[in-house]
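Scroll down for the structure; my scribbles are underneath it.
The numbers here are math on the coordinates, done by the rules we state, and not lab data. For clarity, every value in this text was computed on a predicted model and none was experimentally measured. Here the Cβ is made from the backbone with ideal geometry for all residues, glycine too, and neighbour counts use every protein chain on show.
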Amino acid sequence: MTKNIFLLVCVLMYSNIFGQSKSAEVFMKSFQQKFNQISDLKADFSQKIISSSRIRGTELSGKFYYKKSGKYRIEVNDKILFSDGIAIYNLDNKLLRVVISPLDESTSAFSIEKIIYEFPKTCILSYTDEGNSKIIEMMPKNSGLSFKKISLHVNSENLPQKIQVIDLAENQTTIELGRLIINSNVPESKFVFTAQKGLEIVDLR
């Protein structure tokens, strides 16, 4: 009798996990289809990082721009981090210096396209419906990725609202996007590097 109860519990647990996974996959596909219709996006941007030691976290805020394919720009005070889809430019207008890095798997730069399109293929997905927010959690199937969990929060308009990442060292990064505006023809110049007079260029490519 005890054995039968144990087997029943296992079956119910498996059914629940399987159901969550299928719901997550269905929702993720519909969300990806919606995002495919977005050519560009701009939003208010905020980021908070809490270290695994739980000391006081670091916070910053600014503007975020995205444009297909793989182009993004984050403006925070005198600093601008942007990518043209080929390289990453870290510009400090106060120090008059830019560091140019290759766009590869080792970079820790923000990539909304990887979170939406690439990571779901190599992660176990779960889905939660919390009122106006839909939450997709991604946990890697193997150790090939540099995070333990990503939580993607999608708002009622089916747009990315919040992203939480827990890395391998248990550090938590939370990125929130507010006042999102899509398909507003964000100029290409936002993602093009133009050398200024007196600018120190550190090219690591």
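At 7 Å along Cα-to-Cβ for each site, give me the label-to-label distance between Ser189 and Asp104 in nm.
Label-label distance for Ser189 and Asp104, simple model: 3.3 nm.
Can you pick out the pairs among Lys42/Lys141; Lys94/Lys134; Lys34/Lys63; Lys148/Lys190; Lys149/Lys190; Lys34/Lys94 whose Cα atoms lie more than 29 Å from each other? Intermediate results must be reported in sequence, preceding the final value.
On the way: Lys42/Lys141 32 Å; Lys94/Lys134 40 Å; Lys34/Lys63 22 Å; Lys148/Lys190 32 Å; Lys149/Lys190 31 Å; Lys34/Lys94 39 Å.
Violating the 29 Å limit, Cα to Cα: Lys42/Lys141; Lys94/Lys134; Lys148/Lys190; Lys149/Lys190; Lys34/Lys94.
When ranked by the protection proxy of mean other Cβ atoms within 10 Å per residue, highest first, what sequence do the peptides 87-100, 148-161 form? Could the numbers behind the result be given before it?
Values: 87-100: 15.5, 148-161: 17.4.
Ranking, from highest mean packing down: 148-161, 87-100.
Given 0.36 nm per residue, what is the gain on full extension from Lys94 to Glu170 after removing their alpha carbon distance, in nm?
Length difference between fully extended and current span is 24.1 nm.
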